[in-house]
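Below is one structure, written out as structure tokens, with a few remarks after it.
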Amino acid sequence: MNVIDFVMGHALQWGSVALLMIGLYIVMTRGNLIKKVAGLNVFQGAVFLFYISIAHVRDGTAPIVHEDAVLYANPLPHVLILTAIVVAVATTSLALALIVRIRESYGSIEEDEMAKVDMG
Amino acid sequence: MGLLQQLPALQVAVPLIGAPLCALVGRPRLAWMFAVAVAWITFAISIALLEHVLDAGPIHYTMGGWPEILGIAYVIDPLNALVLVLVSGMAAIIMPATRIGIDVEVVHRARHLFHTVALLALAGMLGIAITGDIFNLYVFLEISSLASYALVAMGIDRRATRAAFHYLVQGTIGATFILVGIGLAYMMTGTLNMADMAARLPGVSHTAPIQAALAFILIGTAIKAAIFPAHSWMPNAYTYAPSLVSAFFGATATKIGAYMLLRFVYSVFGADYAFDEMKIGWVLIPLGLAGAVAGSVVAVWQHDLRRMLAYSSVAQVGYIAAAIGFANRDGLIAAIVHVFNHGLMKGALFLVMACVIHRLGKADMESFRGLGRRMPLTMGCFVVAGLSMIGVPATVGFVSKWYLVSSALDAGLWPLALVIVATSLIAIIYIWRVVDVAYFTKPPPGARDEAPAMLLMPAVVLCALCIVLGVSTDLTVGVANTAARLLGGAP
């Protein structure tokens with residue numbers, strides 16, 4: 001298998017890996033807590049897309065029973081990721097709630113400014 | 001089909017249903033009594049399950065009558081039965097102390113929900129331990145993690161919210177890594193049941209996705225277990241969380257991470273694949289021992305004792321990781337025994353911190369001056385649990401260290417055995433610093449002023465267990481032996 005096939009044949013997976021790295025990069029480099037949460041969402045979203053991509057069946061249709069359909073996509077990863085999305089929503093809302101409390105007690109949501117407040 | 005057959009489901013269902021009910025109770029006193037009752041029922045169930053597993057072999061429980069490979073199965077063997085006893089036992093011992101414990105250390109507006117969230121964390125951890133379904137494990141992992149973030153954020157210090165936020169970010173990254181690993185493994189095997197997956201993996205184990213799956217899961221569990229250098233969420237979280245929360249998590253949360261690692265390596269990927277082909281020992285041993293050295297050394301320099309205990313946990317988790325990495329029978333026993341034993345001693349030490357904070361408002365070196373005279377029982381607990389942390393004979397710490405060192409020798413790595421002994425010597429330094437200040441400095445004026453019995457009792461019970469189980473090792477080592485044989489990893 002040559003390189004082009006390897007890249008093009010896994011375009012969906014490469015896409016999710018790219019998003020995964022972008023999300024992780026945002027989480028690591030941004031000092032603003034809201035941006036960190038956004039990065040975390042990109043990071044998790046990449047995994048959702050990855051799960052959807054592995055459910056794909058060539059020429060398969062949506063997994064709803066229909067008389068014309070012969071091939072269906074695998075519905076199990078869809079269901080799994082529905083659960084994971086719920087988890088991600090809960091994580092995000094908890095993170096935002098924490099940010100509200102941090103803002104109340106520190107008066108800032110920037111890492112460096114919070115560190116300054118803690119220093120004294 | 002009697003109630004007895006439903007125990008595996010009840011083990012998780014009781015705290016999970018108890019949590020929202022606890023929120024509905026409303027009155028703080030009543031909510032506390034309810035939570036204590038739930039914790040003790042859960043503990044009783046876990047003991048019944050452990051006995052049953054030791055007598056009659058592993059339990060397979062299927063949800064809703066679905067066949068095991070299609071539905072969600074709970075599989076209980078000696079390994080997770082022991083973890084269930086540890087987690088629910090710690091909850092049962094610590095929960096009674098929360099009535100007075102939360103008055104001092106939990107922010108006012110969160111108090112009425114404290115017990116609800118604590119029960120959720122308990123349910124999540126028990127779920128991780130009990131399930132035989134790999135995706136179900138992820139869901140329970142997130143339930144317990146989300147509850148943990150909330151509990152840490154309840155600390156009275158404003159830095160608690162910051163610590164909780166960092167814990168949330170790193171914990172989510174860890175859990176998401178595990179999720180990616182699960183997805184890759186599912187992609188190649190088409191199953192989510194652990195046993196079924198283990199049967200199908202050898203056919204595809206040479207493929208890149210499976211290798212990547214092991215790597216992702218290894219990193220994810222390393223973050224959750226706070227294996228060096230993925231431990232950075234832990235010191236702040238344990239320092240600023242309410243001490244009773246630190247006591248519970250110090251005893252259980254990282255242990256659940258270590259359990260997940262054991263489960264994935266031995267029951268899903270298989271020891272042969274993980275150790276012989278993928279050589280994860282080459283990752284776990286250096287990182288584990290580096291953590292043991294770094295954690296112990298950094299602990300010596302800490303001013304806040306809760307932070308010192310957190311860094312000591314980094315070292316202890318390092319021992320567990322290294323023990324798993326040695327990949328022999330003694331190493332497996334050492335890992336399992338230390339998961340349990342370290343739970344006991346770290347729980348006891350953090351409870352001592354809760355007692356001291358209840359009286360003095362903080363737990364830094366300064367406030368420990370002359371504490372040996374002022375709070376003799378509390379300090380007595382600290383000394384006993386501290387000796388156990390060092391690994392003095394007749395304490396549980398010694399049992400763990402014994403198996404750890406002998407597994408290093410078995411693996412033919414005697415210099416590493418020396419490293420383990422050396423880090424124990426460093427533990428003497430950081431425990432002695434506190435003893436020195438507490439017993440050999442002039443106490444500030446003030447009469448004997450012991451912590452309230454409800455806070456002190458759990459610490460005393462755990463210290464007693466540290467000694468009892470250190471002398472009579474049948475329970476821990478016996479169970480670990482059976483578990484090691486069943487996991488079949490080591491010859």
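Just to be sure, is B:Leu377 within 18 Å of B:Ala459 (Cβ to Cβ), surrounded by fewer than 24 Cβ atoms within 10 Å (Cβ to Cβ) and over 24 Å from the mean Cα position of the chain (by Cα)? It is true that B:Leu377 is within 18 Å of B:Ala459 (Cβ to Cβ), surrounded by fewer than 24 Cβ atoms within 10 Å (Cβ to Cβ) and over 24 Å from the mean Cα position of the chain (by Cα). Give the residue that is nearest to the other protein chains (Cβ to nearest Cβ), with candidates limited to residues of segment A:70-115 that are open to solvent by 40 Å² or more (accessible area, probe 1.4 Å), touching a strand residue (DSSP E or B) at 6+ places or on another chain (Cβ under 9 Å) and not hydrophobic (A, V, I, L, M, F, W, C). In this case the residue turns out to be A:Glu110. If you scan segment B:113-170, which residues turn out to be in a helix (DSSP H, G or I) and among the hydroxyl-bearing types (Ser, Thr, Tyr)? Once the filter is applied, which keeps residues that are in a helix (DSSP H, G or I) and among the hydroxyl-bearing types (Ser, Thr, Tyr), segment B:113-170 yields B:Thr116, B:Tyr138, B:Ser144, B:Ser145, B:Ser148, B:Tyr149, B:Thr161, B:Tyr167. Checking each residue in segment B:171-196 for being in contact with a helix residue (DSSP H, G or I) (Cβ under 6 Å, 6 or more places away or on another chain) and among the polar types (S, T, N, Q) picks out B:Thr172, B:Thr176, B:Thr189, B:Thr191. Scanning segment A:1-34 for residues that are open to solvent by 80 Å² or more (accessible area, probe 1.4 Å) and polar (S, T, N, Q) yields one hit, A:Asn2.
On inspection, B:Arg109 passes the criterion of being over 20 Å from B:Leu465 (Cβ atoms), out of contact with any helix residue (DSSP H, G or I) (no Cβ under 9 Å at 6 or more places or on another chain), modelled with pLDDT under 90 and in a helix (DSSP H, G or I). Counting only residues that are in a helix (DSSP H, G or I) and either touching a Cys at 6+ places or on another chain (Cβ under 8 Å) or not β-branched (Val, Ile, Thr) (or both), segment A:69-120 holds 28 of them. Kindly indicate whether B:Leu16 is open to solvent by 60 Å² or more (accessible area, probe 1.4 Å) and assigned to a helix (DSSP H, G or I). Yes.
Among the residues of segment A:93-114, those identified as in contact with a helix residue (DSSP H, G or I) (Cβ under 6 Å, 6 or more places away or on another chain) and among the β-branched types (Val, Ile, Thr) are A:Ile99, A:Ile102, A:Ile109. Residues considered: B:His115, B:His108. Of these, the only one that is crowded, with 22+ Cβ neighbours inside 10 Å and out of contact with any strand residue (DSSP E or B) (no Cβ under 9 Å at 6 or more places or on another chain) is B:His115.
Close Cβ contacts (under 8 Å, 6 or more residues apart or on different chains) running from residues in segment B:351-366 that are closer than 19 Å to B:Cys463 by Cα to residues that are assigned to a helix (DSSP H, G or I) and among the aromatic types (Phe, Trp, Tyr) comprise B:Val352/B:Phe382; B:Val356/B:Phe368.
All of B:Val396, B:Val435 fail the test of being in contact (Cβ under 8 Å) with a residue 12 or more places away in the chain, open to solvent by less than 70 Å² (accessible area, probe 1.4 Å) and within 30 Å of B:Ile285 (Cα to Cα), apart from B:Val396. Of the helices (runs of 4 or more DSSP H) lying entirely inside segment B:218-314, those containing at least 2 residues that are farther than 20 Å from B:Gly343 by Cα and open to solvent by 20 Å² or more (accessible area, probe 1.4 Å) are B:281-300.
Output yes when any residue across segment A:35-55 is more than 11 Å from every other protein chain (Cβ to nearest Cβ) and assigned to a loop (DSSP other than H, G, I, E, B), and no when none is. No, because not a single residue in segment A:35-55 is more than 11 Å from every other protein chain (Cβ to nearest Cβ) and assigned to a loop (DSSP other than H, G, I, E, B). Here segment B:399-421 is the region considered, the condition is being among the aromatic types (Phe, Trp, Tyr) and under 23 Å from B:Leu344 (Cβ atoms), and the residue that is most open to solvent (accessible area, probe 1.4 Å) is B:Trp402.
Annotation: B:Gly127 fulfils all but one of (1) over 30 Å from B:His60 (Cβ atoms); (2) surrounded by fewer than 24 Cβ atoms within 10 Å (Cβ to Cβ); (3) not aliphatic (A, V, I, L, M); the unmet one is (1). Of the residues making up segment B:178-214, just one is more than 15 Å from A:Gln13 (Cβ to Cβ), open to solvent by 30 Å² or more (accessible area, probe 1.4 Å) and facing chain A (nearest Cβ under 10 Å), namely B:Gly190. Can you tell me which residue within segment B:136-161, out of those that are open to solvent by 10 Å² or more (accessible area, probe 1.4 Å) and over 19 Å from B:Pro242 (Cβ atoms), is nearest to the other protein chains (Cβ to nearest Cβ)? Restricting to residues being open to solvent by 10 Å² or more (accessible area, probe 1.4 Å) and over 19 Å from B:Pro242 (Cβ atoms), the top hit is B:Val139.
The values are calculated or read from the model by the stated rules, or taken from the named source; none is laboratory data. Predicted, not measured: the structure shown is a model, and the values here were computed from it. With ideal geometry, Cβ positions are generated from the backbone for all residues, glycine too; neighbour counts draw on all protein chains shown. Calculation scope for accessible area: heavy atoms of the full protein, side chains included, ligands and nucleic acids excluded. Shrake-Rupley method; radii C 1.70, N 1.55, O 1.52, S 1.80 Å.
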